[in-house]
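The block underneath contains the structure these notes are about, expressed in structure tokens.
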Amino acid sequence: MSTPAALRDWLITETPSSRRQAAWGRRYRLWCDFRRNPLAIGGLATVVLLIVLCLAAPLLATHDPGQQTLTNRLAAPSAEHWLGTDELGRDVYSRLLYGGRVTLGMVVAVVLLVAPLGLAVGCIAGYFGGLADRVLMRVTDVFLAFPRLILALAFVAAIKPGITSAIAAIALTAWPPYARLARAETMTVRNTDYIAAVRLTGASPWRIILRHVTPMCTQSLIVRVTLDMSSIILTAASLGFLGMGAQPPSPEWGTMIATARRFILTEWWVPLVPAIAIFVASLAFNLLGDGLRDVLDPKQR
């Protein structure tokens, strides 16, 4: 396996000699299917580029994102300020990079909270059924009955506006679809022969859920999370725009649009730049999610 050709042969062999080889071979085949979709590759490249730019913001920023220069406020894009300055003379390009850290960081935090929660609720409800299923699904239906943004606004208004409150509010409203999806997947596999065989070995229900049911639901959940990240970005930016998310002078994309919206007909570049960033990030995650769905969802194959 010292050459790429030998490594490829090792990955695509029809007779793997170990579980490790079979697992890596399957991943390689999925990657080959994924890279045949140019739009999905473009989405993946854009997402990776956005993450790199945000992580490297301290190195790439040309100015301090909070530095105010009132004598140079609302300046047009130039060699000194690549994307111009805002109403307080702050560099829009630098604030865009640091704002991406806030917005995308909120998205990652929400996903890390809601994906395990939704997966756990759905798997437990789908596997045990009966009373547990009815109670958990009725709670899920209550949260699904409210529009996501309205419920998030009510939750943030009830406590204190800020990044932490916005993350908690979005997480509170985002987990029900994952629970419904995991429940449907669990109900499909809970009566299969291999689950029955594991049950006959004496495995406890919790072990079956953790070791055998949950992995079967993970692929569908990954696809749903990727497709849902664009709506999470929009919700986070909307909370910032309405003053319920990140608070000024924090450089968050939604907050940047809110503070500059009155200049949209004159100094249009100030609100337009963060709006384009939100659009590009949302589109990239949608393209990536579509590509992953085509590869990971067996119904699409």
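The values are calculated or read from the model by the stated rules, or taken from the named source; none is laboratory data. Since we're looking at a predicted model, the values are computed, not measured. Positions of Cβ are generated from backbone atoms using ideal geometry, with glycine treated the same way; all protein chains shown enter the neighbour counts.
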> Considering only residues of region 14-61 that are assigned to a helix (DSSP H, G or I) and touching a Gly at 6+ places or on another chain (Cβ under 6 Å), which is nearest to residue 100 (Cα to Cα)?
Replying inline: 54
> Can you name every residue in region 62-87 that is surrounded by fewer than 21 Cβ atoms within 10 Å (Cβ to Cβ), under 28 Å from residue 165 (Cβ atoms) and out of contact with any Gly (no Cβ under 9 Å at 6 or more places or on another chain)?
Replying inline: 64, 66, 87
>> Suppose we filter 285, 263 for residues that are in contact (Cβ under 8 Å) with a residue 12 or more places away in the chain and either surrounded by 22 or more Cβ atoms within 10 Å (Cβ to Cβ) or of a type in the set (D, E, K, R) (or both); which single one remains?
In response: 285
>> Checking the condition of a type in the set (Asp, Glu) and either within 19 Å of residue 293 (Cβ to Cβ) or at pLDDT 85 or above (or both), which residue from 33, 9 passes?
In response: 33
>> Taking the criterion of being crowded, with 16+ Cβ neighbours inside 10 Å, at pLDDT 85 or above, among the basic types (Lys, Arg) and in a helix (DSSP H, G or I), would at least one residue in region 136-144 satisfy it?
In response: no
> Would you say residue 48 is out of contact with any Asp or Glu (no Cβ under 7 Å at 6 or more places or on another chain) and buried (at least 18 other Cβ atoms within 10 Å of the Cβ)?
Replying inline: no
> When you go through (1) in a helix (DSSP H, G or I); (2) within 17 Å of residue 100 (Cβ to Cβ); (3) within 20 Å of the chain's Cα centre (by Cα) one by one for residue 260, which number turns out not to apply?
Replying inline: (3)
